[in-house]
Amino acid sequence: MEINAPIRGITMNHNLNNNIAWINGVWGNASELAIPICDRGLTLGDGIFETLLIYKGKVQLLTNHLNRWKRSASILRMASPPSEEWLRPLIDEAIQRLSLNNRNGVLRLNWTRGDNYSRNIKISTDKNEASSHRFWLEINDGEPQFECISTIISRNEMRNANSQISRCKTFAYGQAIQAKSEANIAGYDDALLLSNSGEISCGTTSNLLVKRNNQWLTPPLKSGCLAGVMRQQGLDAGIIKEETINAQPFPKDEWLLINSLSCRAIKKLNNQYLTMNANPKAFWLSLLEIKLL
């Protein structure tokens, strides 16, 4: 099992030069280690990953992330990725090597289908063939982000609510890149994506939350949004409920974009200014610290 590739979708202040990576038993800087150029994750985007928060020196919600990682592998007919039992000592060593004790950072776990010697898209029908798959991890120091942002609703990109790919956190971030670029060119920080069924689905790298009449709402999975780990924390605790969200905000709505590394109030959607949540950091921490029975 084998590395490299920048960490995408990160919304943290992070020092990419202060990193460490692991592949095939070798530790090194992410810019020094490498994967073969025939890896399917590189040539076809045929891989899945999880991005996890290191908070005060401890990896957060590891089991939750690994459960989603395993579900994604099953959906895509990949071999099951490394287990939590195998990963924990490796992650602990990475935190020690980067001296992140009592500090914050970001961890990325990568899993691809391995080398593509035949140069076609066909995959094996045996999803238990783990020996051909490739694993690597990367870890950087960094701080969670809570700044307010402006957004547009993308006119060019749309989530496919019927696609299996929409249910998985894959290497293929081309759509998110294009939507964010569209927003930046228009003078906005980020973009929201509609579902092909018409309602709002999600942000480019985050789930959408809307506080309406003192209730937190989030688009349902049938909209094509990813089953975000922080989103699920709130759903499981009864703090958030699923509901179809239309593109037009209600008066006094508070809109947030949230993921494992950030919680950002949306101050402006297209040309409309929104009521901003007073303390997205406190809300994010409350979800992070929930202990479910």
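The values are calculated or read from the model by the stated rules, or taken from the named source; none is laboratory data. Computed from a predicted structure; not experimentally measured. Positions of Cβ are backbone-derived with ideal geometry, glycine not excepted, and every protein chain shown enters the neighbour counts. Remember, those area values only see protein heavy atoms, side chains included, never the ligands or the DNA or RNA. Shrake-Rupley method; radii C 1.70, N 1.55, O 1.52, S 1.80 Å.
Quick notes on this structure:
- Isolated Cys residues of the chain, judged by Cβ distance under 4.7 Å to other cysteines: CYS38, CYS148, CYS168, CYS263
- Fraction of accessible area attributable to carbon and sulfur, the chain (%, probe 1.4 Å): 49
- Mean residue ellipticity (222 nm) of the chain, computed from DSSP H runs ≥ 4 via -39,500 (n - 2.57), nearest 500: -6000 deg cm²/dmol
- Computed log₁₀ I(q)/I(0) - Debye formula, equal Cα scatterers, no solvent, segment 226-293, q 0.23 Å⁻¹: -1.13
- Distance between segment 79-96 and segment 209-231 - C-alpha centres, whole angstrom: 30
- Per-q log10 I(q)/I(0), the chain, q = 0.07, 0.16 Å⁻¹ (Debye; single scatterer per alpha-carbon; no solvent): -0.26, -1.36
- Length available on full extension from GLU242 to GLN215: 0.36 nm per residue minus the Cα-Cα distance, which gives 8.7 nm.
- Oblate is the label for segment 74-176, because a/c, from the alpha-carbon gyration tensor with a ≥ b ≥ c as root eigenvalues, is 1.5 or above and a/b does not exceed b/c.
- Magnitude of the charge dipole for the chain, about its Cα centre and with charges confined to Cβ atoms of Lys, Arg (+1) and Asp, Glu (-1), is about 520 debye.
- Over segment 170-210: Rg over Rh, Cα atoms, Kirkwood Rh: 0.97
- Taking every protein chain into account, the 1.4 Å probe leaves TRP22 with about 30 Å² of accessible area, to the nearest ten.
- Measuring between alpha carbons in the structure, the pairs from LYS180/LYS252; LYS211/LYS241; LYS169/LYS267; LYS180/LYS267; LYS70/LYS241; LYS56/LYS281 lying more than 19 angstrom apart are LYS180/LYS252; LYS169/LYS267; LYS70/LYS241.
- Proximal charge balance of GLY224 [Cβ under 9 Å; K/R count +1, D/E count -1]: +3
- For the chain, the solvent-accessible area of protein heavy atoms averages 47 Å² per residue (probe radius 1.4 Å; ligands and nucleic acids excluded).
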